[in-house]
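Notes to accompany the following structure.
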Amino acid sequence: MQRAVPAFVLASASAGRLRVLQDAGIDPEVVVSGVDETADDGLGTAAVVGGLAECKAAAVAARRPDALVLGCDSLLDLDQMSFGKPASAEHAVGMWQRLSGREGTLFTGHCLITAGDGRRVRGVASTVVRFGTPSDAELAAYVASGEPMAMAGAFSIDGLGAPFVQGIDGDPGNVLGLSLPLLRRMLADIGVAITDLWRQSASKRR
């Protein structure tokens, strides 16, 4: 029999993260944190995403102390510089001109805050991304689509930008904003099986 667990809340407005969870049989409640995502330039990318993920989770957990809250944040690291969502179309073009034909690492910070006692479990996942070399016309069309404006590093592997990514080394879900293998381990640390979060239709397939 499935154990009773607190409501599971995703502290993120990311459609990609929500889709990763839903595709895995999990339907979280979504509560946007509203946290300022401005990063400390003196920190490495992994430290930045870890800190922002915890801030997001904490902001939502303060409003939902009855829930199990997950906060996440993603940034692309290239040449020890962090790249988030582009601020403008021109910024997106400039980012892609730097990424073209190269490899970067997508880091995603995760923080779980438990209901009741407020215990925090943190983790950071990383995936190497090998970028293709879109032509000027392809890049202009991609930026004009608006898709890269909502993506850390101005790219995604499952949308219009997918043809411009040569491949990845690591967890593909992490590139979409949430690492399910890491989440499973973090849940286990607090005594929750990821299968406990499955929607009923998914649990019947076990």
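The values are calculated or read from the model by the stated rules, or taken from the named source; none is laboratory data. It should be emphasised that the depicted structure is a prediction, and the values quoted were computed from it without experimental measurement. When we count neighbours, we look across all protein chains shown, and the Cβ atoms used for this are built from the backbone with ideal geometry, even at glycine. In case anyone asks, the SASA skips ligands and DNA or RNA and just uses the protein heavy atoms, side chains included. Shrake-Rupley method; radii C 1.70, N 1.55, O 1.52, S 1.80 Å.
For the pair region 22-37 and region 98-117, the centres of their Cα atoms are 15 angstrom apart.
Derived scalar couplings between HN and Hα for region 84-92 equal x, 6, x, 7, 7, 4, 5, 5, 4 Hz in order, rounded to whole Hz, by the Karplus curve 6.51 cos²θ - 1.76 cosθ + 1.60 (θ = phi - 60°), x for Gly and Pro.
Highest mean packing comes first when the peptides 93-104, 135-146 are listed by Cβ atoms within 10 Å, giving 93-104, 135-146. Summarising the label geometry, the points placed 7 Å from Cα in the beta-carbon direction at Gln166 and Thr195 lie 4.1 nm from one another. Using a probe radius of 1.4 angstrom, the carbon and sulfur fraction of the accessible surface of region 1-106 is 52%.
Label positions at Glu90 and Asp136, each projected 7 Å from the Cα along the C-beta direction, are separated by 1.7 nm. Helix-only arithmetic for the chain: the sum of -39500 (n - 2.57) across DSSP H runs with n ≥ 4, divided by the residue total, places the mean residue ellipticity at 222 nm at -9500 deg cm²/dmol. The amide H of Ile190, built 1.01 Å from its N in the peptide plane, has no neighbour under 5 Å, considering only residues 5 or more places off or on other chains.
Annotation: peptides 5-13, 189-197, ranked by per-residue average of other Cβ atoms within 10 Å with the highest first, follow the order 5-13, 189-197. The phi torsions of region 61-69, fed into the Karplus equation with coefficients 6.51, -1.76 and 1.60 and a -60° offset, translate into couplings of 4, 5, 8, 10, x, 8, 10, 8, 10 Hz, rounded to whole numbers, with Gly and Pro shown as x.
In terms of accessible area, using a 1.4 Å probe and ignoring ligands and nucleic acids, His91, His110 rank largest first as His91, His110.
Using per-residue counts of other Cβ atoms within 10 Å, averaged over each peptide, order 51-59, 15-23 from highest down.
Per-residue Cβ counts within 10 Å, averaged per peptide and sorted highest first, yield 51-59, 15-23.
Karplus-derived 3J(HN,Hα) values for region 7-19, using 6.51 cos²θ - 1.76 cosθ + 1.60 with θ = phi - 60°, are 4, 9, 10, 9, 8, 7, 8, 5, 5, x, 5, 4, 5 Hz; glycine and proline are entered as x. Report the local net charge at Val60: Lys and Arg +1, Asp and Glu -1, summed over other residues whose C-beta lies under 14 Å from its C-beta. Its environment carries a net charge of +1. For region 87-206, the solvent-accessible area works out to 47 Å² per residue, with a probe of 1.4 Å and every protein chain left in place. When a 1.4 Å probe is rolled over the protein heavy atoms, the share of accessible surface on region 131-206 that falls to carbon and sulfur comes to 54 percent.
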